[in-house]
Amino acid sequence: MPAAATLKVLVVDDQTSVRQMTRMTLEQIGIRHIHEAENGKLAMDTASVQPLDLVISDFNMPEMDGLAFLRALRGHPAARKVPFILLTGRGDRELVVKAAQAGANNYLIKPFTPDILRQKIEQVMGKLS
Amino acid sequence: MASLDQLKLTFFDECSEALQQIELGLPEIADGAGAEDTINAVFRSVHSVKGGAGIFGFEDLVKFAHVFETVLDAMRSGKLATTHEIVDTLLQANDVLSDLIAMSRSGEAVAPDFGAECRAALEQILRKNSDGEELGDDTDAAPADFDGLDFIPVRVEGFESPDSQGGEQEYRIVFRPKPDMLKKANEPLYILRELRKLGSLDLIVETDRLPGLAEINAGESYLGWTGTLRTAATRQQIDDVFEFVAGDCDLEISTVFAEPTAETGLPVSSDPAPAAAESAAAAAASVSAAEPLGAALPRERPASPPADKVAGSAGETAAPQGAPSKAPAAGATTTRVELEKIDRVVNMVGELVIAQAMLGQVVHTLPEDVSGRLMQVLDEVVHHTRELKDSVMSMRAQQVNAVFQRMPRLVRELAGKTAKKVRLEIAGETTEVDRSIIERLGDPLTHIIRNSIDHGIEPPRDRTAAGKPEEGTIRLSAEHRGSRIVIEIRDDGAGINSERVLQKARERGLVNTEAVLNEDEINNLIFLPGFSTAEKISDISGRGVGMDVVRRNIQDVGGRISLKSDRGRGMTIQLALPLTLAVMDGMVIRVGQETYVMPMSAIVECLRPPTSDIHNLIGTPGMLRLRGNLVPLVQLAELLDIGPMQAVSDERVVIISDAGEGTRFGIVVDELLGHQQVVVKSIEESYGSVPGIAGATILGNGRVAFILDIEKLSDIASSQNVPVGVARFGNGATKSAAAPTAIGAM
């Protein structure tokens, strides 16, 4: 039963407003250690120096998109098991399927409430304390 | 903590950027010049707008953006060809999008059929090109959740058991014995051997401290080692290896990408190690929960493929932050700051400059022995303030591209409307200038380019007949020249039809029928108010917005405009603008009892001419003979209505200034009081626009002084019948501010 306050989460999206929104919502469910990255490449840089418990990432980003990032993550020996939740807009069905095939653990539709966020995280990591 | 309102602001900022990106990218795509990247960038921009809009509940925006995005998606996956018609529709869609964004921002209600026409066009595009394949998905009824989607959340192990240590851990080890370690009978080799017993060890030795053979002291340790250890041993066991030498070396042991566990036993880092060659396995900087540095070290790319993606310099980011959780996004080099904050700082620096000037004045009144040392210190303060001012002003500086990038679209539209072929070349778009100038640049530039396409560039047939390429070129460039930014708009059109211009000017009584004007003078007639040679007012250049308005706009910001026309070959218009409106170099002058400030940029020369060089013509304040030319004089006292006109005497100072378009005139003042940097304060809010006064400032003595607008004053003077255009200099080139020669050393 992971403690929300100890979890280290990485939020990846090229839009500042989305990152900030996600951050706010994560904090509302008790998560404190939140990293941000603007694209897959920067996310991978962060992921390689910071131990992470969860990644929440968009797909459409410049430099390295979420799919490539996910694959890089899954290819990295130590990051292989890090839970990856896809951030998606409405109507992106194909994307969600692709993500699942690439190894994503769950998906989140923007906008989301703290409850939905918690639910999705718990589906992947077990009940948050 | 960012509130929802702040988030909205951020979102709308992003929308502005997105709109620009779209506007830039679509024409490129139409011309076939866009790379795959371009269409992706445009797609992403619309996608971003849609996403953010969804978060904030701007439903109309979401719906429209969705259709827009779908078309772009089809284009980028190759299912849709990029024709000019489609791009035109997309450009319209961008306009609708922009409007919807503006309405969402202001909270306006959106009319139910707003943008319906465009939307229908987009949907039509999707249907037409479907080739039996469904291009657009169910655009309206996007499910709130993906019902029926076969996505089962994948549970990650390792979270149920609190102490899942199992498996190996990778550690990064930095071991640098201090010089004296050997003397304490501790042999690094044994330590390394012990370490190796724990698992697989990969080390590289550092030899940079190793001196030449002659200098080596066998009893000292010069080497260091860095590398990784992959081991199933506990951290304690590793520490134990170094137990006896802990005090005699620089030691760093840190975990590399810990498995997700609840345990957060991350080591505390010591000094970050300097750049050192790394082994093939991915390595990371040490991280501590208490004080994350987020500072990675520059390292060479390791050989193994997965590590390749990971290890490339993970960003040497900022200093440690107070809150334990926030490490800056690696590699971010810009930040968003509200304009208001920057402007406040600019104001503060302005006040500092003023206070400093006042300080200088006070110091001057002190006795010599005290003031000497004080002046030295003050000089330093002045120097630092100047640097501070420069730094702060550079924060407000923007690339002219902010204005330039609107031009390609303008050119496209106008070329289309006039059935002409025009190409726009842009150079120097990264040249930076203060925001205050950028804002004022748009209108004049737009109008000049409109003129160029409307009147300058000939229709394709005429061009070919004249032996020119069918496509006309307009070249827009910007560069810094001295203390100004010079923007040039050059076209290869027909140039000014000087006969027609002269004829029109005569017809309208703007010019004496007998007056003989050379070509330059004729061309400059277009700057006169009420001048337009268009037979019918074309809807492109609009009504009544003549070059005189353009010139006024430029002069209002203390700039100058000049043009050169080459009949049949083209025309060049040059705008010279100051780099900023906020602070400027000024010459303080006295006229009667009044003190004024003249912009240094308006001063070509100052001198105290002997009376013999002054020629009095009846009804005018006189002419100055200067190096073989006659310069008309203007009595500032009279112009500003200060005191009665007096004959120019030996004590007066004459300041030579440009009257525009190559002519000069001399301004007679009573005294030059000194040169200082002044902070320009606008008086428009309180007094409106006062002709001849560009603003006000507070002098070192604490008193308020008006800043003169020399260009306007010269216009006023000429309208009072001071002969202008009599004195010519060289080839009519305007000269930017030169150091005053006789008086008024800087």
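The values are calculated or read from the model by the stated rules, or taken from the named source; none is laboratory data. This one's a predicted model, so the numbers in the text were calculated from it and none came from an experiment. So basically every Cβ, Gly included, is an ideal-geometry build from the backbone, and we count neighbours across all protein chains shown.
Computed quantities for the displayed model
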quantity	calculated
Matching helices (runs of 4 or more DSSP H) fully within segment A:56-129 where at least 3 residues are facing chain B (nearest Cβ under 9 Å) and within 14 Å of the chain's Cα centre (by Cα)	A:93-102, A:114-125
Filter result for residue B:477 (under 30 Å from residue B:396 (Cβ atoms), in contact with a Gly (Cβ under 6 Å, 6 or more places away or on another chain), in contact (Cβ under 8 Å) with a residue 12 or more places away in the chain and not acidic (Asp, Glu))	yes
Segment A:64-80 residues that are over 15 Å from residue A:52 (Cα atoms), paired with ones that are of a type outside the set (Lys, Arg) and assigned to a loop (DSSP other than H, G, I, E, B) (beta carbon under 7 Å, 6 or more apart)	A:64/A:39; A:65/A:59; A:66/A:59; A:67/A:59
Residue within segment B:376-391 that is part of a helix (DSSP H, G or I), more than 25 Å from residue B:20 (Cα to Cα) and touching a Ser or Thr at 6+ places or on another chain (Cβ under 6 Å) present	no
Boolean, residue B:77 is crowded, with 22+ Cβ neighbours inside 10 Å and either among the hydroxyl-bearing types (Ser, Thr, Tyr) or more than 22 Å from residue B:123 (Cβ to Cβ) (or both)	no
Selection within segment B:9-30 - at pLDDT below 85 and either within 13 Å of chain A (Cβ to nearest Cβ) or under 12 Å from residue A:17 (Cα atoms) (or both)	B:9, B:10
Residue count for segment B:611-620, restricted to those that are modelled with pLDDT of 70 or more and part of a loop (DSSP other than H, G, I, E, B)	3
Residues of segment B:48-82 satisfying the condition of being within 13 Å of chain A (Cβ to nearest Cβ) and either free of Cβ contacts under 8 Å to residues at least 24 places away in the same chain or among the β-branched types (Val, Ile, Thr) (or both)	B:49, B:50, B:51, B:54, B:55, B:57, B:59, B:62, B:67, B:70, B:77
Residues (in a strand (DSSP E or B) and modelled with pLDDT under 85) located in segment B:559-585	B:560, B:578, B:583, B:584, B:585
Members of segment B:474-527 found to be farther than 30 Å from residue B:414 by Cα and either among the aromatic types (Phe, Trp, Tyr) or part of a loop (DSSP other than H, G, I, E, B) (or both), listed by number	B:482, B:483, B:509, B:510, B:511, B:512, B:513, B:514, B:515, B:516, B:517, B:518
Residue A:24, sole failed condition from (1) assigned to a helix (DSSP H, G or I); (2) facing chain B (nearest Cβ under 8 Å); (3) crowded, with 24+ Cβ neighbours inside 10 Å	(3)
Scope segment B:673-684; condition surrounded by 19 or more Cβ atoms within 10 Å (Cβ to Cβ) and in a strand (DSSP E or B); matching residues	B:673, B:676, B:677, B:678, B:679
Output for segment B:404-436, where each listed residue is buried (at least 16 other Cβ atoms within 10 Å of the Cβ), in contact with a strand residue (DSSP E or B) (Cβ under 7 Å, 6 or more places away or on another chain) and among the hydrophobic types (A, V, I, L, M, F, W, C)	B:404, B:407, B:411, B:415, B:422, B:424, B:426, B:433
Qualifying residue in segment B:31-38 (condition: among the β-branched types (Val, Ile, Thr), buried (at least 21 other Cβ atoms within 10 Å of the Cβ) and more than 9 Å from chain A (Cβ to nearest Cβ))	no
Filter pass, residue A:17 being facing chain B (nearest Cβ under 7 Å) and among the hydroxyl-bearing types (Ser, Thr, Tyr)	yes
